[in-house]
Every structure is written in C-alpha cells, then in structure tokens.
Amino acid sequence: MTTLHIADEVASALAENRPVVALESTILSHGLPAPRNLAVAARLEEVVRKAGAVPATIAVLDGVPHIGLTSAELDRVCNAGDLVKLSLRDLGPAYALGRSGATTVASTTALAHQAGIRVFGTGGLGGVHRGARETWDVSADLDIVASTPVVVVCSGVKSILDMGATLEVLETRSVPVVGYRTSRFPAFYRRESEFDVPWRVETPAEAAAVFAAGGRGMLLVNPIPADFEMDADLHDRLLAEGLQKLVDQDVRGKDVTPVLLEHFHTASAGVSLDANEELVVSNVSVAAAVAVELSR
C-alpha cells in the first residue's frame, strides 16, 4: 500500500485526537470553473477551521496521495487543467505511473479512512444511474460508503440519478441513511425528493452518537439551504434538456455526470453554480460540527 503524505497540521490533529474533516478535490478540479473553484476551496477550509476542526483536502499529486494540501497545492489542483478524475479503482495506476488527479467521493472516503479521518463533507453522493438495468452503471461510491467506517455528509444524490434505486442499494448494503433535520431524502439542488429517510437527527451530537454506536459507514443527508434551492420548474426543465442531450450525443458511463452538470451550469445562468457552492459549504459545516462532537 502506498504511503500517504499527511500534512503536518493534519497529522498533529490526528495524533492528538482533534477533529479533522476530509474534503474531496474533484469538485474543485472538475465541478467548478476557475477562479471560483479556488475561492470555494479556501472557503471550505475556513468553514472547517471556524468550527474548531482541521481541514484535510485530499488529492493525488505526482503519484503520491496527499491528505491535506498547502495553498500552492490547492492552487495546482484548481488550475492544473490536466488532473485525472480518480475513483478508488484508479488510485493504483495513478500511484504506479506517477500521475496527478482529483479524488472522487469513493477515493476520498477510502483515503480518509486510511489516514484515520472519520468525517467527510461533500456535495452529492454518486448512485444508480437511470437506465442501469441495461447499462449496469452504478457508482462506486455506494460500495465504499457500505464498507468504510466514515460519516459522509452530503445533500443526497443528484436528480439526474435513479434516486429510488440508489436508496434500495444503500438499504441492501446496510448503510444507515440519516436525515439531518429532515425526514425527506434531499435531491441535491432541491431540498426534498419523494423519498423518506429511515432516521432523523436534530444535532451534530446525535449524528456523532449514531455513527459511534453503529461502527460502520453512514450517510448523513443535509438539504441545500432554503435560500439557494433551485426553482422546481427551472430544475425540471434543465433535467429534461440534459437527459435529452445525453441521448442526442450518445453520452455514456463516467461522462454522463459531467455533461449533465455542465448543462445545468450553462443553461441556468449560474443558478446551479451558486446552489452547488452553498450546499457544499453547508455540508462541510455540518461535517465539522459532527467531527468536533466525535472527538470529545
């Protein structure tokens, strides 16, 4: 197993049982345009620090997994332009071939656990894609959450996925899905979907207690802040247009999500970018509060 490069600040916090929050890098390299991505990166780390925790943004640089990035490394992730998107299956090749890449939910969760970090704040979880009966397109995120004892705080899954099938897979894999001050499963840009969550907590302390008692991976779902929720009509129109675009351009596999998100970003005149930023900030804030409680 490749040795992790753990930033001094992160290593000290872990050694002293102080709270640490893992942050992914794919949202920075592939999810947000420059220079906004660098501003969001700084904002996320600041949110974690204000809550009393230490941020650990994760990426692979020149074949070495980094847990916690310097400002120069963050700048590289946000501006390199050639970073590979690395899921868990891609880590070995990236290490061996000395490549640089941004980590997805799956790889970030695995690397966080390897480093000893128990809480990870992100945007949305991957899931079962529409039409998966034919394509078998199911995100690796679901298996990783099921097999790795890390709290993943997110705003549910994007509505571009098959939400019902995703929740069924999570249930089959015995992943606790816990709503943070919500009884409905969030739909990323929208605060609620048609699906309920089986458990609900009202405080970071309750969330930490549920995770500590369960001893396994847990999904803590936190709705987008109400002020930034996308209008339902706009959302439904963009989704229909995006799904048609996939058919017209014969887009498949790992290219589906980037193409759909790009359509949301361009066709919504920036509304989706604001929504994306604010929901991630909210999730990371909750993650930091849970990490603080876990370290007590």
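The values are calculated or read from the model by the stated rules, or taken from the named source; none is laboratory data. Everything numeric here is computed off the predicted structure, so don't read it as measured data. FYI the Cβ positions are ideal-geometry reconstructions off the backbone, even for glycines, and counts take in every protein chain you see. Remember, those area values only see protein heavy atoms, side chains included, never the ligands or the DNA or RNA. Shrake-Rupley method; radii C 1.70, N 1.55, O 1.52, S 1.80 Å.
Name the residue farthest towards the positive end of the dipole of the stretch 5-295 from the options His263, Gly116, Ala53, assuming +1 on Cβ of Lys and Arg, -1 on Cβ of Asp and Glu, about the Cα centre.
Gly116
Could you tell me which GluC sites (Glu not before Pro) in the stretch 199-232 are loop residues by DSSP with no more than 15 other beta carbons within 10 angstrom of their beta carbon? Let's see the in-between values first.
On the way: sites: Glu202, Glu206, Glu229; in loops: Glu202, Glu229.
Passing both the DSSP loop test and the Cβ count: Glu202.
Could you tell me the accessible area of Thr2 in Å² (1.4 Å probe, neighbours in place), rounded to the nearest ten?
Only protein atoms counted, so the area is about 50 Å².
Using a 1.4 angstrom probe on the protein heavy atoms only, line up Ser29, Ser155 by accessible area, largest first.
Values: Ser29 35, Ser155 0 Å².
Greatest to least solvent exposure: Ser29, Ser155.
For Arg191, what accessible area in Å² do you get when you roll a 1.4 Å probe over the heavy atoms of the protein chains, rounding to the nearest 10?
Accessible surface of Arg191 is approximately 80 Å².
If I ignore ligands, DNA and RNA and count only protein heavy atoms, how much of Phe264 is accessible to a 1.4 Å probe, in Å² to the nearest 10?
Rounded to the nearest 10, that gives 0 Å².
Can you compute the charge dipole magnitude of the stretch 5-295 about its Cα centre, using +1 on each Lys and Arg Cβ and -1 on each Asp and Glu Cβ, nothing else charged? Give it in debye, rounded to the nearest 20. Show your work: numbers first, answer last.
Working: 24 positive and 37 negative charges, 97 e Å.
Taking the Cα centre of the stretch 5-295 as origin, the dipole is about 460 debye.
Multiply the residue gap between Asp227 and Arg200 by 0.36 nm, knock off their C-alpha separation, and tell me the result in nm, one decimal place.
7.5 nm is the gain from fully extending Asp227 to Arg200.
For Glu192, Glu134, give the ranking by accessible area with the largest first, probe 1.4 Å.
So the residues, ranked largest to smallest area, are Glu134, Glu192.
Using the 2.2 N^0.38 Å rule of thumb for compact globular proteins, work out how the chain stacks up: its C-alpha Rg over that value, please.
That ratio works out to 0.92.
Answer with one residue from Gly63, Leu23, Ala11: the one whose Cα lies farthest towards the positive end of the charge dipole of the stretch 1-130, charges on Cβ with Lys, Arg +1 and Asp, Glu -1.
Of the candidates, Leu23 comes out farthest on the positive side.
Report the local net charge at Leu61: Lys and Arg +1, Asp and Glu -1, summed over other residues whose C-beta lies under 13 Å from its C-beta.
Net local charge, Leu61 excluded: -2.
So for each of 34-42, 272-280 I average, over its residues, the number of other beta carbons within 10 Å; can you give me the resulting order with the highest mean first?
272-280, 34-42
Take the Cβ-Cβ distance between Asp143 and Val259 as r, set R0 to 35 Å, and report the resulting FRET efficiency rounded to the nearest 0.05.
Efficiency for this residue pair is about 0.90.
Can you tell me, using C-alpha contacts under 8 Å and at least 6 residues apart, the relative contact order of the chain as a whole percent?
Taking the mean separation of contacting Cα pairs over the length of the chain, I get 20 percent.
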